[in-house]
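Only one structure is covered here, and it is reproduced in the block below.
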Amino acid sequence: MRKFVTLSLAAAALSGAAGVAYAQAGDAPAPARAPLTRAEVEQRTAQKFARLDANGDGVLDREDREDRREAAFERLDADGNGALSFEEFSAKREPRAERRGPGRHGGARMARRADTNHDGAVTQAEFASAALARFDRHDADKDGTISDSERPARRIRRARDDG
């Protein structure tokens, strides 16, 4: 019984210490990021659209989604036999954030929101228009640049807009 109590107290102490360490890590200020200009958003948006437009027809639609899913399956199917083994499925892959790179977000959600005429397809014009409208909302001082000081407000607005 004494061992159980001692182990329980040790586990509780470790759990509390881990919680404090986690909370402190969350309190650390985020490193300053370079300002983001409207021109950079236009360039990144064009690049993201090109990546998402799997068949290169200038429209993001169901075919592109299917092509991306097939490509993802083929990347996982290491032996090319058309089936995923547990080993292939479990193979260590780099985390999603590392594949996308710093400061890059998924384009699928952005594409759904950009479909202004709700036809199930997103043209490059719709995609770019949505990205620039979002940039303009976040550019609080309307100077064509999202500075580091504007970023906290940007995150709060995004959470509110997504909610």
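Extending 7 Å from the Cα toward the beta-carbon at both residue 91 and residue 62 defines two label points whose distance is 3.1 nm. Placing a pseudo-label 7 Å from each Cα along the Cα-to-Cβ vector at residue 32 and residue 46 gives an inter-label distance of 3.0 nm.
All of the numbers you see were taken from the coordinates with simple rules; none came from a lab. This is a predicted model, so every value here is computed, not measured. Here the Cβ is made from the backbone with ideal geometry for all residues, glycine too, and neighbour counts use every protein chain on show.
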